[in-house]
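Below: one structure, written as structure tokens.
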């Protein structure tokens, strides 16, 4: 029994280590159901909540405004901009946002940014270039920025331009993780003023939340509205953001669906219970504990898949409860369950036939 408790503590220690490495308990959390255009006009920085481990905030301002950038806080160390790759008779275009960034950077980094873009005028659309600043500004609006991510896009609002934006946003978030960016400042990339000849705000925020759903980094994403937009553009952007924020969360209202690493952590809890229950029947040593842990893990993972298949038509809450019940039953009854054998059924029936 003592060794059962000892090995149970090992399983719980692994659970604790998992929480240390991945401290999030919930993947999704709603702070604000929606934001209003008036809040952007007032200059508020609003926390929307958490979506797939990304903490989302929304605000309105300009990267050239030091007070706005300071308001965002020190966690913002990455900035995304757009550059339109050369195509047909159109040369590479850095755009207004890129020009603003270039003017705010130290001379050496500004030159590196321009060189990186001009040396690859036909860089594939939907891909991202990254510039790590050699001399990150210590003062001014970009004082906290460490990495500039350049999304290469296509001008226009045709299907190719929209597909490039959709794949590019996934690549953008992935590159942010590759460069250890903790907080990414993300303007409405490729969306032109009044949405003329460009993807719409609805396109951008739909693609953004699709990208957030399949990535885990960066942990902080700040959605930035430009304070120079017209009232109509601001309202369109706000409406699109609210619509897709709500749409991507309404399918995950169950508590169990928001738990981070739910099945792994449930398995470790079940393993701890199994060690204690099994120690009443067998003497646990390192070898037997390893065999027991392997057998229980494989059995429980198989049970998880069975529950998911049988409960596919049920809600996420019912599936979560079924997984917990299955884990507890298997952990407590495991010493009995492993002694069951189909061969025993046939051997006992054969004996009855012979007699």
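The values are calculated or read from the model by the stated rules, or taken from the named source; none is laboratory data. Predicted model, so just to flag it, every value in this text is computed and none were measured. Virtual Cβ from ideal backbone geometry, glycine too; neighbours counted across all protein chains shown.
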Residue satisfying all of: in the stretch 28-45; free of Cβ contacts under 8 Å to residues at least 60 places away in the same chain and within 16 Å of residue 244 (Cα to Cα); surrounded by the most Cβ atoms within 10 Å (Cβ to Cβ) among these: 32
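Answer yes or no as to whether residue 25 is out of contact with any strand residue (DSSP E or B) (no Cβ under 6 Å at 6 or more places or on another chain), farther than 16 Å from residue 223 by Cα, exposed (fewer than 15 other Cβ atoms within 10 Å of the Cβ) and in contact (Cβ under 8 Å) with a residue 24 or more places away in the chain. First the steps, then the outcome.
Details: out of contact with any strand residue (DSSP E or B) (no Cβ under 6 Å at 6 or more places or on another chain): yes; farther than 16 Å from residue 223 by Cα: yes; exposed (fewer than 15 other Cβ atoms within 10 Å of the Cβ): yes; in contact (Cβ under 8 Å) with a residue 24 or more places away in the chain: yes.
The answer is yes for residue 25.
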Tally, over the stretch 288-320, of residues that are more than 14 Å from residue 278 (Cβ to Cβ), at pLDDT 85 or above and surrounded by 15 or more Cβ atoms within 10 Å (Cβ to Cβ): 5
Meets criteria (in contact (Cβ under 8 Å) with a residue 60 or more places away in the chain and in contact with a strand residue (DSSP E or B) (Cβ under 7 Å, 6 or more places away or on another chain)) for residue 131: no
Residue match in the stretch 197-208 (condition: surrounded by fewer than 16 Cβ atoms within 10 Å (Cβ to Cβ), touching a residue at least 60 places away in the same chain (Cβ under 8 Å) and assigned by TED's automatic domain parsing to the domain that holds residue 161): no
Subset of the stretch 162-178 (residues that are over 18 Å from the mean Cα position of the chain (by Cα) and surrounded by fewer than 22 Cβ atoms within 10 Å (Cβ to Cβ)): 162, 163
The stretch 134-146 - residue that is more than 12 Å from residue 105 (Cβ to Cβ) and touching a helix residue (DSSP H, G or I) at 6+ places or on another chain (Cβ under 9 Å) and, of those, surrounded by the most Cβ atoms within 10 Å (Cβ to Cβ): 144
All helices (runs of 4 or more DSSP H) inside the stretch 1-78 with 1 or more residues being touching a helix residue (DSSP H, G or I) at 6+ places or on another chain (Cβ under 9 Å) and more than 30 Å from residue 139 (Cα to Cα): 2-21, 37-41
Residue match in the stretch 211-230 (condition: over 24 Å from residue 260 (Cβ atoms), assigned to a helix (DSSP H, G or I) and assigned by TED's automatic domain parsing to the domain that holds residue 130): no
Residue list for the stretch 261-305, restricted to those being outside any helix (DSSP H, G or I) and more than 27 Å from the chain's Cα centre (by Cα): 279, 280, 281, 282, 283, 284, 285
